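Report on the structure given below.
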Amino acid sequence: MPKKIIVIGANHAGTAALNTILDNYKDVDVTAFDANSNISFLGCGMALWIGGQISGPDGLFYSSKEILEGKGAKIYMETSVNSVDFDSKVVYTKDAAGKDCEYPYDKLILATGSTPVGPQLPGMSLENVQFVKLYQNAAEVIEKLGDTSIKKVAVVGAGYIGVELAEAFQRNGREVTLIDCADTCLSAYYDDMFCKRMEKQLSDHGIHLAFEEKVERLEGNEKVEKVVTDKHTYDADMVIFCVGFRPNTKLGNGQLKQFHNNGAYLTDLMQQTSRPDVYAVGDCATVYNNAIEDTDYIALATNAVRSGIIAAHNACGTELKSPGVQGSNGISIWGLNMVSTGLSLERAKKLGFDAAATDYEDWQKAGFMEKDNYKVVIRIVYDKKTRRILGAQLCSDYDISMAIHLFSMAIQEKVTIDKLKLFDLFFLPHFNQPYNYITMAALNAE
Ligand SMILES: Cc1cc2nc3c(=O)[nH]c(=O)nc-3n(C[C@H](O)[C@H](O)[C@H](O)COP(=O)(O)OP(=O)(O)OC[C@H]3O[C@@H](n4cnc5c(N)ncnc54)[C@H](O)[C@@H]3O)c2cc1C
Ligand SMILES: NC(=O)c1ccc[n+]([C@@H]2O[C@H](COP(=O)([O-])OP(=O)(O)OC[C@H]3O[C@@H](n4cnc5c(N)ncnc54)[C@H](O)[C@@H]3O)[C@@H](O)[C@H]2O)c1
């Protein structure tokens, strides 16, 4: 059992590791450092707050320095770890007062997360050009939206955050232009037939879509006034950049093995890095993706929490292997719900799978149910050679979120599309149909 564990970063991944250690290994002396003044902010709440769907940020935190210290941890907030000597196993910190300290460790858990990608464009330093990551970012946007002269908002990036923020600013009474260099929204997670449904939902609610456009510069005097792309110029009183995140690996760059795609710390199924006493979790680390049966980078709070738990047990001497992940995710925009897990057909083919998809659309419940019935569209992606299910996507006004968990487990357990055809799914007209869309999609697979 190690005596001293240090955790660098105490947000979702770090907090999960800390709680696991504090709840299960009472003899371990655990210390955490976080450069921020708050921890556990649920970023997903930002759009809900801006859009007025929640009244404020209080419920968006589930942990704190006080809670963790109450369980026995030593927590240093507003304290940056500036370097780590991985050979002599010492971390070097600087606190808010500028005081330098050093702390030895037996085991180290890196939970340093990710930072927003910030394109280097002319005009980025103009006022009202915003990034979204921290609670402070959200609070600043909310405060600025008190200025009614901010009428037009340009959101750059139509991934999860961009689409959610587009809805939020429109709900907040602003005119919204959603810009992306890709030819549609959510292209990293869904196939075109689903992206087009989301596109229609956005434009039906007044969002101006500007896809296949590359932002070249921002223009204005002190405040931003225009966004200039390679195709058009858009008036904008505020510009929000949500063009992805990159892993924050400053501390281990060049000293720990890194993922060729984006430099995230390479980890094994125990979240161990190339140095046995050093673990990496959450957005700064890789995960094992069961859909591709290989190492991948999937920045999600869900992966941050699970990897934090896994690293904590292994750092404390209990071997625990990750079952791998599938990158399950979901989004709900003005009540249009979309969920996906594993690979889209497009990504599966790009990765070289002999992939096929079986699609189906039907009512959620039996046709004789006279109200609260909704159409559901499903796509199941599978490998024609191995018959293994590689991914699934669903879309509906109905809450289809539970269905994606079935496919997440199917990918993890390498279930084939043929095994799914006659899989036992209950029928009750209040909930579904005897020949439900999961069964029908599987039965129709070639
Ligand atoms: C707007 C938004 C909405 C999102 N919505 C969802 C969602 O709905 N579902 C979902 O699954 N995921 C969502 N995510 C992604 C999710 O928030 C991230 O995957 C998650 O925050 C990763 O947690 P983490 O602890 O690994 O990293 P981070 O949250 O980035 O935290 C890293 C921490 O490390 C600290 N740190 C870094 N370097 C140092 C250092 N040298 N010294 C001291 N401290 C340091 C930072 O201060 C920070 O507190 C969203 C993200 C955003 C931005
Ligand atoms: N509901 C959820 O599960 C949820 C919600 C929010 C965020 N997240 C996670 O948080 C992370 C960050 O989300 P995100 O939306 O910032 O990233 P993302 O990768 O989902 O989307 C980034 C988007 O920006 C576009 N883009 C990239 N560079 C551009 C440029 N120069 N100009 C215009 N467009 C550009 C990309 O085409 C992409 O559509 C992701 O890992 C995401 O999965 C998840």
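The values are calculated or read from the model by the stated rules, or taken from the named source; none is laboratory data. Computed from a predicted model, the values in this text were never measured in an experiment. Neighbour counts are summed over all protein chains in view; Cβ atoms, including those assigned to glycine, are modelled from backbone coordinates with ideal geometry.
Close Cβ contacts (under 7 Å, 6 or more residues apart or on different chains) running from residues in segment 28-43 that are in contact (Cβ under 8 Å) with a residue 12 or more places away in the chain and farther than 13 Å from TYR62 by Cβ to residues that are part of a strand (DSSP E or B) and among the small types (Gly, Ala, Ser) comprise ALA35/SER80. Scanning segment 395-424 for residues that are surrounded by 15 or more Cβ atoms within 10 Å (Cβ to Cβ), outside any helix (DSSP H, G or I) and touching a Ser or Thr at 6+ places or on another chain (Cβ under 8 Å) turns up just one, THR416.
Based on this model, can you work out whether ALA291 counts as touching a residue at least 60 places away in the same chain (Cβ under 8 Å), within 16 Å of ligand 1 (Cβ to nearest atom) and surrounded by 20 or more Cβ atoms within 10 Å (Cβ to Cβ)? Against the criterion (touching a residue at least 60 places away in the same chain (Cβ under 8 Å), within 16 Å of ligand 1 (Cβ to nearest atom) and surrounded by 20 or more Cβ atoms within 10 Å (Cβ to Cβ)), ALA291 does not qualify. Suppose the filter is near ligand 2 (Cβ under 10 Å from one of its atoms), of a type in the set (D, E, K, R) and surrounded by 18 or more Cβ atoms within 10 Å (Cβ to Cβ); does ASP191 pass it? No; evaluated as a whole, the condition is false for this residue.
When ASP296 is tested against (1) more than 15 Å from the chain's Cα centre (by Cα); (2) away from ligand 1 (no atom under 11 Å from the Cβ); (3) at pLDDT 95 or above, only condition (1) is not met. Selection over segment 118-163 of residues that are closer than 20 Å to SER55 by Cα, within 16 Å of ligand 2 (Cβ to nearest atom) and assigned to a loop (DSSP other than H, G, I, E, B) gives a count of 3. Checked against (1) surrounded by fewer than 19 Cβ atoms within 10 Å (Cβ to Cβ); (2) more than 10 Å from ligand 1 (Cβ to nearest atom), ALA166 meets all criteria but (1). None of GLY43, GLY72, GLY52 is in a loop (DSSP other than H, G, I, E, B) and over 30 Å from VAL163 (Cα atoms) except GLY72. Taking the criterion of being in contact (Cβ under 8 Å) with a residue 40 or more places away in the chain and in a strand (DSSP E or B), the residues of segment 84-113 that qualify are VAL84, VAL91, THR93, TYR103, PRO104, LYS107, LEU108, ILE109, LEU110.
The conditions of being out of contact with any Phe, Trp or Tyr (no Cβ under 8 Å at 6 or more places or on another chain) and either more than 16 Å from ligand 1 (Cβ to nearest atom) or touching a residue at least 12 places away in the same chain (Cβ under 8 Å) (or both) are not met by GLU140. Every listed requirement among (1) buried (at least 18 other Cβ atoms within 10 Å of the Cβ); (2) over 19 Å from the mean Cα position of the chain (by Cα); (3) over 24 Å from LYS385 (Cα atoms); (4) not hydrophobic (A, V, I, L, M, F, W, C) is met by GLU370 save one, (1). Mind checking whether some residue in segment 219-238 is surrounded by 14 or more Cβ atoms within 10 Å (Cβ to Cβ), part of a loop (DSSP other than H, G, I, E, B) and acidic (Asp, Glu)? Looking for residues that are surrounded by 14 or more Cβ atoms within 10 Å (Cβ to Cβ), part of a loop (DSSP other than H, G, I, E, B) and acidic (Asp, Glu), one finds at least one in segment 219-238, hence yes.
Whether any residue in segment 365-378 is of a type outside the set (Lys, Arg) and on the phi > 0 side of the Ramachandran plot is what I want to check. Scanning segment 365-378 turns up at least one residue that is of a type outside the set (Lys, Arg) and on the phi > 0 side of the Ramachandran plot.
Looking at the structure I just gave you, is ALA17 among the small types (Gly, Ala, Ser), assigned by TED's automatic domain parsing to the domain that holds VAL81 and in contact with a strand residue (DSSP E or B) (Cβ under 7 Å, 6 or more places away or on another chain)? Yes, satisfied.
Of the residues LEU390, LEU343, LEU351, which single one is in contact (Cβ under 8 Å) with a residue 40 or more places away in the chain, under 26 Å from the mean Cα position of the chain (by Cα) and exposed (fewer than 15 other Cβ atoms within 10 Å of the Cβ)? Within the list LEU390, LEU343, LEU351, the selection yields LEU351. Does CYS185 satisfy the criteria of being touching a residue at least 12 places away in the same chain (Cβ under 8 Å) and within 15 Å of ligand 1 (Cβ to nearest atom)? Considered against the rule, which asks whether it is touching a residue at least 12 places away in the same chain (Cβ under 8 Å) and within 15 Å of ligand 1 (Cβ to nearest atom), CYS185 comes out as no.
The set of residues in segment 125-139 that are surrounded by 15 or more Cβ atoms within 10 Å (Cβ to Cβ) and touching a strand residue (DSSP E or B) at 6+ places or on another chain (Cβ under 8 Å) comprises LEU126, ASN128, VAL129, GLN130, PHE131, VAL132, LYS133, ASN137.
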